[in-house]
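The structure appears right after this line, and notes come after that.
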Number of protein chains: 2
Amino acid sequence: MSQTPIVNQIRKLRFEHGEMTQEALAKATGVTRQTIIALEAGRYAPSLELAFRIARSFRLRVEDVFQWPDS
Amino acid sequence: MSQTPIVNQIRKLRFEHGEMTQEALAKATGVTRQTIIALEAGRYAPSLELAFRIARSFRLRVEDVFQWPDS
DNA sequence: ACGGAATGTACGGTGTACTTGACATAGCCG
DNA sequence: CGGCTATGTCAAGTACACCGTACATTCCGT
């Protein structure tokens with residue numbers, strides 16, 4: 001579709017959740033560490049399924065973790 | 001990632017929004033009619049960006065349109 | 001009975017999300 | 001100093017989201 005205008009708060013949320021490590025989040029969401037690194041770096045947006053899993057890991061809603069320009 | 005356990009309410013919402021046509025939703029969200037058909041048929045889950053666009057078209061939040069087993 | 005609108009299927013093709021694996025660096029602790 | 005943890009990079013491969021085009025079907029209005 002396009003060049004990832006979607007922003008996320010993953011890195012910030014990781015620290016707010018007890019110094020959670022990238023590896024820990026990766027395992028909790030069932031993806032590799034590479035994927036978490038890429039997402040935090042904003043290299044691409046996650047699939048909807050992964051977005052759900054990440055949000056659930058933080059006990060938040062999708063839109064609390066990911067934001068999209070428009071509103 | 002996996003075999004699309006994500007469910008959506010697109011078809012239902014289309015009708016609740018003034019008999020909105022698949023083509024109309026496609027144009028409103030910037031994708032083709034094929035994509036809307038595939039999503040309604042549950043053939044695959046949309047990208048996070050498209051999920052946002054669809055939700056916004058209905059003036060709803062992502063999780064009001066798409067659901068994922070887990071809760 | 002014909003025409004158009006709405007929905008659906010079936011191709012092949014492209015871009016990208018995600019993977020595995022290997023290696024680099026910085027910080028901390030013994 | 002030597003080793004471990006956390007973070008990051010690079011590269012090649014797989015899976016699938018989305019595209020374009022073309023064609024079939026059903027329904028409705030005229």
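The values are calculated or read from the model by the stated rules, or taken from the named source; none is laboratory data. Model, not experiment: these values are computed from the prediction. Cβ coordinates were reconstructed from backbone atoms using ideal geometry, including for glycine residues, and neighbour counts include every protein chain displayed. We work out accessible area using only protein heavy atoms, side chains counted, and drop any ligands, DNA or RNA first. Shrake-Rupley method; radii C 1.70, N 1.55, O 1.52, S 1.80 Å.
Annotations for the structure displayed:
- Estimated FRET transfer efficiency (A:ALA24, B:GLU16; beta-carbon r; R0 41 Å; 0.05): 0.50
- Phi-derived couplings, Karplus 6.51 cos²θ - 1.76 cosθ + 1.60 at θ = phi - 60°, listed residue by residue for segment B:35-49: 4, 4, 4, 4, 5, 4, 7, x, 6, 7, 8, x, 6, 4, 4 Hz, with x used for Gly and Pro.
- Solvent-accessible surface of segment A:7-62, taken per residue with a 1.4 Å probe and all protein chains present: 53 Å².
- The trypsin sites (Lys or Arg not before Pro) of segment A:32-71 meeting both criteria, a DSSP state outside H, G, I, E and B (loop) and at most 12 other C-beta atoms within 10 angstrom of the site's C-beta, are A:ARG43, A:ARG59.
- Starting from the label point of A:GLU23 at 7 Å along Cα→Cβ, the same points in the other copies fall at 5.6 nm, in ascending order.
- Net +/- balance of residues flanking A:LEU13 in space, Cβ distance below 11 Å, scoring K and R +1, D and E -1: +1
- Using a simple spin-label model with pseudo-atoms 7 Å out from Cα toward Cβ, B:ALA41 and A:ASP64 lie 3.7 nm apart.
- Accessible area per residue (1.4 Å probe, heavy atoms of protein chains only) ranks A:THR29, A:THR35 as A:THR35, A:THR29, with the largest value leading.
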